[in-house]
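Rule-based calculations on the coordinates, nothing more; no lab input. Everything numeric in this text was worked out from a predicted model, so none of it was measured. With ideal geometry, Cβ positions are generated from the backbone for all residues, glycine too; neighbour counts draw on all protein chains shown.
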Amino acid sequence: MISQVVGIGYGVICRLKPNKTRYAYNGTPMPLSQLWHDVARHELQWVNSWRIKAAIVRVELPLTGQADLVFVRWSKKTWHVFLCTETGMDLSEILNYYSRRWAIECFFRDCKQLLELGKGQSETFDAVVAWASIVMIRHPLLIFVKRQIIGPIDPLFKELAHEHQLLATMRSLWGRFRQILMLSSQLFSSSQNPGELFYFLDVLENSFTIHQLEGCAKL
């Protein structure tokens, strides 16, 4: 995948998992754990803009050629490693580029969990594009509104997520309560008109629905 991306003219900055994949260092294939213990941890330098220690190790990839591995010491026993195919970049620049990915991750998490991205019922292409477009528009609008009301949000949509959970619980409890009422109504009066019971339940459900619509982020 890295070689394909590089082949169309783009650079790659990605995080690597410390698995058994080997990277050629001075002609010797080594896994990331060996590169860390034998090379990177002895070349750590302070990155002022990030307040961490990191090291760059130049390796050779079979299909892509030279690439830089950025080893970051997270704690005394924890380290992370990133790959960058642009060998002319320095440590802080690589980390700055990769940090932008976190905002994208938060964006897609909020869109999926709170704005129902990917959960549209229509299967037509135009409807899917329209659904995704509406979600993309709603997200920045909600951020703007919340910032105007309560200021900076940390974490993003925290209050909306809590309210969404309460509404989901309310809908679930009401569904079970309605089912119990319908099943037990025959025990109290066999001569009761079912239409009257359904009307009563609809009135109650409509009152819940109005309350949900007033506070739901889907508006």
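If you count, for each residue, the other Cβ atoms within 10 Å and average over each peptide, how do 141-148, 66-73 line up from highest to lowest?
Values: 141-148: 12.5, 66-73: 19.5.
Ranking the peptides 141-148, 66-73 by packing returns 66-73, 141-148.
List the pairs from Lys17/Lys112; Lys17/Lys76; Lys20/Lys53; Lys20/Lys77 whose alpha-carbon separation is above 22 Å, in the order I gave them.
From the list (Lys17/Lys112; Lys17/Lys76; Lys20/Lys53; Lys20/Lys77), the Cα-Cα distance tops 22 Å for Lys17/Lys112; Lys20/Lys53.
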